[in-house]
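Below: one structure, written as structure tokens.
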Amino acid sequence: MKRTLISLVVLAVTGIALSLATGPLGLNAPGQVILFLRLPRILLAIAAGASLAVSGCILQAVLRNPLATPYTLGISAGAGVTAGFIILSGISLPIFLVYLSGTAGALAASTLTWFIAGRSQRDHSGLILAGVTVNLLGASVLLLIEYMSPASRLVEIIRWMMGDLAIAGYRRVLFLLPFLVAGMVPAIMRTGTLNQFLTATEMAESRGVNTVRERLLLLIAAAVLAGGAVGAVGPIGFVGLIVPHTMRRLVGGDYRRLLPLSALGGAVLMLWADIFSRVVISPAELPIGVILSLLGGPFFLYLLVKKPRL
Amino acid sequence: MSELIFQEFAAGYSPGVMAVSGVSMRITGGSVTAVIGPNGSGKSTLLKGIMSFPGIHSRGSVTLDSSPVQSMNRSERAGRIAYLPQSPPVPAGLTAIETVLLGRFPHRSAWSSDTAEDTRIALDALDMVGASHLADKFTDEISGGENRLVNLAAVLSQKTEVILLDEPGSSLDYGHAAQLWKLLSDLADRGIVILATTHRIEMSGNAFDKVLLLSEGKALAFGNPEDVFLSKDLLSRVYKTPMKVRQSSPGSSWIVFPGSSE
């Protein structure tokens, strides 16, 4: 546990240093580049990575499914549809509202998942099936939007779906902050409760956990975290899957350790993925979503084959 | 000594339809009470009804030392009544001792860490069920029966006056089953109220002090084991098969021959 924590802190610090130093500095104002391009980008990577990892971490316990990710609730589909729709319509919204629409779509999709699952008493399998349904629904609507889009807009939509950390200034970081706080605080206050969700619902209930209320609260926290992150950096997959599983192997399944370390792990993964995205085909940038998907696909397969610990 | 009193208690999954009804009995600490009956007779629902789980409706009353159980809030109830479900999923990623420590949840805040006292109680509980050697094993690396013991230890570590157990002996081998019922008797001797459902009368030796017989959702008989088991044709009628139930001498283990007539 200590070794993992120290390694993560070292990786985070070196990641930050390297990220600050990577790329051309521009001759006129290197200070400006670092202050208004690199630093906000680093903060955004940390905040989004931690949000997505903790979101996945929560969902794996509440849905009691090792393959649950923030997207199990239909979040990426919701964000994709709203963002796709806005890009297609060609309305020129302030950038802030574009992010907000991604988040709104993500939250709307998870709410829809919640209500569809209502028929099955919202137990874990009911929620997962509802989430799959909402994702399929969203994917087909997005496909329709893509079909109807002129080529120029189509490129924009696809590019948005690949995720993007390239920012100037702190607006997106500030945008993500309230979501980060609103999701992270209740989650950290409930790490013991999350442990109770690992066993039978009735056992949790018999130990004093209001399972109906707590499940809802935790799902909201997970949706808010992922929704905020998706709005700020696009629907980047797999952070919520890779990080909690890796951490579980390293520090065990007790959420009082797992959740904070997953937050740190998510930040580290995102930082380093971002560095790679900038150097692999330098001077061009590979979208961070591409890197994470290349990493996440095989990892998902590994989990399927290897029967992971929850 | 604690005392659990049922008056015309009934429980079910919808307000109109009670899956089990007519339960009136008084059980006290110091005794093990078994709930028996065919599949679907309402044994599990009875325990869930006592716990007032979400989605379960109940009528009548259960009182624990004159406090109505149904109006206790969750944390008050968790401090006084523990419950072991039929087949709880293995809390994967946790070790046995961490799983047992989950039972200490009612006694601390929702995120605090385990105290030395919690760990001592958990280790004691593992020792009581004879599973100390499993403490640091991951629960997904041990057998189903061993997980059963670990979950039982978790329930013990909750330190309650009442323990409700749904089929605690299922998936245990002869040795562990005998050990389980012996343990439940010992706990009862310490004043804890033990109420356990079971399908296997013969696996419990003679651990029962009282028996509640359910049939098709109705409480049919409550009393000493010999009164229920030896009552002419009662079990045969309830289980719809000829049943021979014997005790080689008073106080010795019960022997059951299903399918054979008297």
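The values are calculated or read from the model by the stated rules, or taken from the named source; none is laboratory data. Small disclaimer: the values here were computed from a predicted structure and weren't measured. Counting neighbours? That spans all protein chains shown, and the Cβs are built from the backbone with ideal geometry, glycine included. The protein model used for the area step is the full one, side chains on, heavy atoms only, and it has no ligands, DNA or RNA in it. Shrake-Rupley method; radii C 1.70, N 1.55, O 1.52, S 1.80 Å.
For the range B:142-166, what are the residues that are assigned to a loop (DSSP other than H, G, I, E, B), in contact with a strand residue (DSSP E or B) (Cβ under 8 Å, 6 or more places away or on another chain) and within 13 Å of chain A (Cβ to nearest Cβ)? The answer is B:Gln158, B:Thr160.
Listed conditions (1) on the phi > 0 side of the Ramachandran plot; (2) without any contact (Cβ under 8 Å) to a residue 40 or more places away in the chain; (3) touching a Phe, Trp or Tyr at 6+ places or on another chain (Cβ under 9 Å) are all met by B:Met203, apart from (1). Search the range B:91-102 for residues being within 7 Å of chain A (Cβ to nearest Cβ) and part of a helix (DSSP H, G or I), and hand back the single one that is most open to solvent (accessible area, probe 1.4 Å). For the range B:91-102, the residue satisfying everything is B:Glu98.
Taking A:Leu258, is it touching a Leu at 6+ places or on another chain (Cβ under 7 Å) and within 14 Å of chain B (Cβ to nearest Cβ)? So A:Leu258 fails the test. Scanning the range B:124-143 finds one or more residues that are surrounded by 17 or more Cβ atoms within 10 Å (Cβ to Cβ), over 26 Å from B:Ile201 (Cβ atoms) and of a type in the set (Phe, Trp, Tyr). Within the range B:182-191, being within 24 Å of B:Ser248 (Cα to Cα) and either open to solvent by less than 10 Å² (accessible area, probe 1.4 Å) or modelled with pLDDT under 90 (or both) holds for one residue alone: B:Leu184. Between B:Arg120, B:Arg148, B:Arg108, which is within 15 Å of the chain's Cα centre (by Cα), open to solvent by 10 Å² or more (accessible area, probe 1.4 Å) and in the same structural domain as B:Gly93 (by TED's automatic domain parsing)? Just a single option satisfies the conditions, and that option is B:Arg148.
Only one entry in B:Met51, B:Met72 is within 14 Å of chain A (Cβ to nearest Cβ) and closer than 21 Å to B:Arg148 by Cβ, namely B:Met51. Selection of the range A:215-230 for residues being open to solvent by 10 Å² or more (accessible area, probe 1.4 Å) and within 13 Å of another protein chain (Cβ to nearest Cβ) yields A:Arg215, A:Leu216, A:Leu217. Considering the range A:1-104, the qualifying helices (runs of 4 or more DSSP H), each wholly inside and each with 2 or more residues that are buried (at least 17 other Cβ atoms within 10 Å of the Cβ), run over A:2-21, A:39-62, A:75-89. Residues considered: A:Thr103, A:Thr111, A:Thr72. Of these, the only one that is polar (S, T, N, Q) and at pLDDT 85 or above is A:Thr111.
Criterion first (part of a helix (DSSP H, G or I), without any contact (Cβ under 8 Å) to a residue 24 or more places away in the chain and touching a helix residue (DSSP H, G or I) at 6+ places or on another chain (Cβ under 8 Å)) does A:Ile275 satisfy it? In short, no.
Tell me, which residue of the range A:174-191 that is in contact with a helix residue (DSSP H, G or I) (Cβ under 6 Å, 6 or more places away or on another chain), crowded, with 22+ Cβ neighbours inside 10 Å and closer than 29 Å to B:Lys159 by Cα is farthest from the other protein chains (Cβ to nearest Cβ)? Among them, the one singled out is A:Ala187. Assess whether B:Ala177 counts as being part of a helix (DSSP H, G or I), buried (at least 21 other Cβ atoms within 10 Å of the Cβ), out of contact with any Pro (no Cβ under 8 Å at 6 or more places or on another chain) and hydrophobic (A, V, I, L, M, F, W, C). Spelling it out, B:Ala177 is indeed part of a helix (DSSP H, G or I), buried (at least 21 other Cβ atoms within 10 Å of the Cβ), out of contact with any Pro (no Cβ under 8 Å at 6 or more places or on another chain) and hydrophobic (A, V, I, L, M, F, W, C).
B:Gln86 fulfils the conditions (1) crowded, with 19+ Cβ neighbours inside 10 Å; (2) in contact with a strand residue (DSSP E or B) (Cβ under 6 Å, 6 or more places away or on another chain) except for a single criterion, (1). Number of residues in the range B:66-83 that are within 15 Å of B:Gly49 (Cα to Cα) and out of contact with any Ser or Thr (no Cβ under 7 Å at 6 or more places or on another chain): the value is 5. Just one of the numbered conditions (1) crowded, with 18+ Cβ neighbours inside 10 Å; (2) part of a helix (DSSP H, G or I) is not true of B:Leu172: (2). Residues in the range B:115-141 that are polar (S, T, N, Q), part of a helix (DSSP H, G or I) and within 23 Å of A:Arg256 (Cβ to Cβ) were compared, and the one that is modelled with the highest pLDDT is B:Thr119.
Return the residues of the range B:21-52 that are surrounded by fewer than 19 Cβ atoms within 10 Å (Cβ to Cβ) and farther than 22 Å from B:Pro88 by Cβ; say none if nothing qualifies. Passing the criteria: B:Gly22, B:Ser24, B:Met25, B:Arg26, B:Thr28, B:Gly30, B:Ser31, B:Pro38. In this structure, A:Thr246 does not qualify as among the hydroxyl-bearing types (Ser, Thr, Tyr) and surrounded by 22 or more Cβ atoms within 10 Å (Cβ to Cβ). Being open to solvent by 80 Å² or more (accessible area, probe 1.4 Å) and part of a helix (DSSP H, G or I) is the filter here, so list the residues in the range A:113-151 that pass it. Scanning the range A:113-151 gives A:Phe115, A:Arg119, A:Leu129, A:Leu136, A:Leu137, A:Leu143, A:Leu144, A:Tyr147, A:Met148.
Residues in the range A:166-215 that are aliphatic (A, V, I, L, M), over 21 Å from B:Leu84 (Cα atoms) and without any contact (Cβ under 8 Å) to a residue 60 or more places away in the chain: A:Leu174, A:Val181, A:Ala182, A:Val185, A:Met189. Selection of the range A:195-213 for residues being open to solvent by less than 10 Å² (accessible area, probe 1.4 Å) and either in contact with a His (Cβ under 6 Å, 6 or more places away or on another chain) or not in a loop (DSSP other than H, G, I, E, B) (or both) yields A:Asn195, A:Gln196, A:Phe197, A:Met203, A:Ala204, A:Glu205, A:Ser206, A:Thr211. Against the list (1) within 13 Å of chain A (Cβ to nearest Cβ); (2) open to solvent by less than 50 Å² (accessible area, probe 1.4 Å); (3) aromatic (Phe, Trp, Tyr), the condition B:Tyr13 fails is (2).
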